[in-house]
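The values are calculated or read from the model by the stated rules, or taken from the named source; none is laboratory data. This one's a predicted model, so the numbers in the text were calculated from it and none came from an experiment. Please note: Cβ atoms are built from the backbone with ideal geometry, for glycine as well, and neighbour counts cover all protein chains shown.
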Amino acid sequence: MSEWRVLVEENLGQGSGKSWHISEIYEVEGGQPEARSIAYELAMRHVPQHPTLGGGERAVYRINEDMWLTMIQGTVRRYHFRVTVAELFHKNS
């Protein structure tokens, strides 16, 4: 049986210390359709952890069935994050 996850990727850190990371991994109880539903909700409602992020305009782009890119206008600049549905292929315990 497949195991599905929803990954949220965003820039973490400040100034020159920023880097692109997976900030959240959601384990999905159901299958791919459930994971897609969770990913959609995250693309629409997730708020990146950044001190200058205001409640500005949000634009959500569906890249494909399993990936969304969300851009939010902050008080100083625009922020973006990606939400991806992924099947766990291998896990070494």
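Do the conditions hold for residue 26, that is, is it free of Cβ contacts under 8 Å to residues at least 60 places away in the same chain and in a strand (DSSP E or B)? Yes; evaluated as a whole, the condition is true for this residue. Residues that are surrounded by 11 or more Cβ atoms within 10 Å (Cβ to Cβ) and part of a loop (DSSP other than H, G, I, E, B) within the stretch 78-93 comprise just one, 88.
A count restricted to the stretch 13-50 and to residues that are of a type in the set (Gly, Ala, Ser), modelled with pLDDT under 95 and under 9 Å from the mean Cα position of the chain (by Cα) stands at 1. Please specify each residue of the stretch 63-78 satisfying the condition of being more than 17 Å from residue 31 (Cα to Cα) and within 12 Å of the chain's Cα centre (by Cα). Result: 68, 69, 70, 71. Taking each residue of the stretch 48-65 that is within 14 Å of residue 80 (Cβ to Cβ) and looking for partners that are modelled with pLDDT of 90 or more and in a loop (DSSP other than H, G, I, E, B) with beta-carbon atoms closer than 7 Å, six or more apart or interchain, yields nothing. Scanning the stretch 57-77 for residues that are more than 20 Å from residue 12 (Cβ to Cβ) and either surrounded by 11 or more Cβ atoms within 10 Å (Cβ to Cβ) or touching a helix residue (DSSP H, G or I) at 6+ places or on another chain (Cβ under 9 Å) (or both) yields 59, 60, 61, 62, 63, 65, 66. For the stretch 13-48, filtering for residues that are out of contact with any Ser or Thr (no Cβ under 9 Å at 6 or more places or on another chain), surrounded by 15 or more Cβ atoms within 10 Å (Cβ to Cβ), small (Gly, Ala, Ser) and closer than 22 Å to residue 73 by Cβ leaves 1. Given the criteria in contact with a Phe, Trp or Tyr (Cβ under 7 Å, 6 or more places away or on another chain) and either modelled with pLDDT of 90 or more or exposed (fewer than 11 other Cβ atoms within 10 Å of the Cβ) (or both), does residue 10 qualify? Considered against the rule, which asks whether it is in contact with a Phe, Trp or Tyr (Cβ under 7 Å, 6 or more places away or on another chain) and either modelled with pLDDT of 90 or more or exposed (fewer than 11 other Cβ atoms within 10 Å of the Cβ) (or both), residue 10 comes out as yes.
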